[in-house]
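Participant: Just dropping this structure here.
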Amino acid sequence: MEDKLRKLIQAYEELERKMVDPSVVSDPKEFARVAKEHANQAELVAKAREYLGALDDIEAAKEMQDETTDPEEKEMLQMDISDNEAKLPGLENEIKILLIPGDPNDEKDTIVEIRAGVGGDEAAIFAGDLFSMYQRFAQSRGWKTEVLSASPGEAGGFKTIEFKVTGEKVFSVMKYESGVHRVQRVPKTESQGRIQTSTATVAVLPEADEIDIQINPEDLRIDTYCSSGPGGQGVNTTYSAVRITHLPTNTVVQSQEQRSQIQNREVCMQMLRARLYEMELEKQQAEVGAARLSQIGHGNRSEKIRTYNQPQDRVTDHRIGFNSTYTAVLQGDGLASVIDALAAADRAEKLAEAV
């Protein structure tokens, strides 16, 4: 491990030299690639230097012990050795975790789709509650949300809503939310106080750009129609809403939230690229099969991942058996503790697989 860490530090120092190399600085794409790799390696290199520094200190102290005859100095040197040896297991574990290959999509922004499931009007209201939860959670982290497409429910909430979340390492956090969310509570529409179970499906897609997904224009059918909801003076008078069908996969996306047809078309292309990218990822994961490193961070759309129980003021994430409070999670404040627990379990699972 020591040799591997020294080589890693040497490679990092080479990246530092490249970042001031005029030939690299003058090439924006190459400089961006080097700078990104440098930033991604910074934490690992810092831990590696700390680990190797502790080893060097231990070796130096042992040499000094051999050379001195002073009992007090020997005792002080032994304390230094013990302190540094105590650091090593923790540092080694942190380094092993940092050495686990990261998800290449972790840096990406996301497109989130929430779809009301079983439960009629209450399911749509719950979908709206989840959207509000994610909005508050995103705001607490300094992220931005933008509604791309929405179909309101008759009693409130949404039958479906798609929105984009942009910020630092959004997908690395939001990916744990994919799957079926179930709520148990007395609906606002229930007059006799009976508890009802409803569901909503959340899909979190890493945003794909044109480099990730190449789309042949001949494979698209583009339809325009009049907007039917909020959108300015042009609602129901101009064909600003856009629907795009990807013919080879029969994937349909649509948007009417933007003010112009050009803007709605761009939004549709963002959603289409994300969905086609997701299909490609699922295909790759199916090929990996049992060798797939972790299931925690890649919730299937049909997998029930979490139950929100209002009468018991409890939220349970079924993947790891983690419990939090209903009110705190739906208000967005408590969601961080759930996701942090999932991320920790994901790292532990990957570490166990790597070992």
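Participant: Could you list all residues from region 305-322 that are surrounded by fewer than 15 Cβ atoms within 10 Å (Cβ to Cβ) and either on the phi < 0 side of the Ramachandran plot or part of a strand (DSSP E or B) (or both)?
Facilitator: Those that are surrounded by fewer than 15 Cβ atoms within 10 Å (Cβ to Cβ) and either on the phi < 0 side of the Ramachandran plot or part of a strand (DSSP E or B) (or both): PRO311, GLN312, HIS318.
Participant: Does ALA48 satisfy the criteria of being touching a residue at least 12 places away in the same chain (Cβ under 8 Å) and within 25 Å of ILE9 (Cα to Cα)? Outline the logic, then answer.
Facilitator: Values: touching a residue at least 12 places away in the same chain (Cβ under 8 Å): yes; within 25 Å of ILE9 (Cα to Cα): yes.
It is true that ALA48 is touching a residue at least 12 places away in the same chain (Cβ under 8 Å) and within 25 Å of ILE9 (Cα to Cα).
Participant: In the list ALA11, ALA48, ALA39, ALA61, which residue meets the criterion of being at pLDDT below 90, aliphatic (A, V, I, L, M) and on the phi < 0 side of the Ramachandran plot?
Facilitator: Selected residue: ALA39, the only one of ALA11, ALA48, ALA39, ALA61 that is at pLDDT below 90, aliphatic (A, V, I, L, M) and on the phi < 0 side of the Ramachandran plot.
Participant: Select from region 142-161 the residues that are under 16 Å from the mean Cα position of the chain (by Cα) and crowded, with 16+ Cβ neighbours inside 10 Å and list them in ascending order.
Facilitator: Residues satisfying the conditions are TRP143, THR145.
Participant: When you go through GLU75, GLU122, GLU85 one by one, which is the residue that is in contact with a Pro (Cβ under 7 Å, 6 or more places away or on another chain) and farther than 16 Å from LEU5 by Cα? Quick ask: steps written out before the conclusion?
Facilitator: Details: GLU75 fails: in contact with a Pro (Cβ under 7 Å, 6 or more places away or on another chain); GLU85 fails: in contact with a Pro (Cβ under 7 Å, 6 or more places away or on another chain).
Every option except GLU122 fails the conditions.
Participant: For the structure I just gave you, tell me whether GLY142 is closer than 28 Å to ARG243 by Cβ, assigned by TED's automatic domain parsing to the domain that holds ALA328, part of a loop (DSSP other than H, G, I, E, B) and without any contact (Cβ under 8 Å) to a residue 40 or more places away in the chain.
Facilitator: no
Participant: Read through the list (1) farther than 22 Å from ASP340 by Cβ; (2) surrounded by 23 or more Cβ atoms within 10 Å (Cβ to Cβ); (3) acidic (Asp, Glu), then give the number of the only condition that ASP121 fails.
Facilitator: That leaves (2) as the condition not met.
Participant: Can you tell me how many residues in region 145-179 are free of Cβ contacts under 8 Å to residues at least 40 places away in the same chain, small (Gly, Ala, Ser) and assigned to a strand (DSSP E or B)?
Facilitator: 1
Participant: Restricting to region 324-348, and then to whatever is more than 17 Å from the chain's Cα centre (by Cα) and among the polar types (S, T, N, Q), can you tell me which residue is surrounded by the fewest Cβ atoms within 10 Å (Cβ to Cβ)?
Facilitator: Selected residue: THR327.
Participant: Look at THR197 and say whether it is within 18 Å of GLN312 (Cα to Cα), in contact (Cβ under 8 Å) with a residue 24 or more places away in the chain and touching a strand residue (DSSP E or B) at 6+ places or on another chain (Cβ under 7 Å).
Facilitator: Taking the combined requirement at face value, the residue satisfies it.
Participant: Given the conditions (1) in a strand (DSSP E or B); (2) modelled with pLDDT of 90 or more, report the number of the one that ALA127 does not fulfil.
Facilitator: (1)
Participant: If you don't mind, there's one more thing I want to ask. Condition first: aliphatic (A, V, I, L, M) and closer than 30 Å to ASP57 by Cβ. Now tell me which residues in region 86-140 satisfy that.
Facilitator: Residues satisfying the conditions are ALA86, LEU88, LEU91, ILE95, ILE97, LEU98, LEU99, ILE100.
Participant: A further question follows. Which one of these is out of contact with any Lys or Arg (no Cβ under 9 Å at 6 or more places or on another chain) and modelled with pLDDT under 90: GLY193, GLY157?
Facilitator: Details: GLY157 fails: modelled with pLDDT under 90.
None of the others qualify; the one that does is GLY193.
The values are calculated or read from the model by the stated rules, or taken from the named source; none is laboratory data. These numbers come from a predicted model, not from an experiment. With ideal geometry, Cβ positions are generated from the backbone for all residues, glycine too; neighbour counts draw on all protein chains shown.
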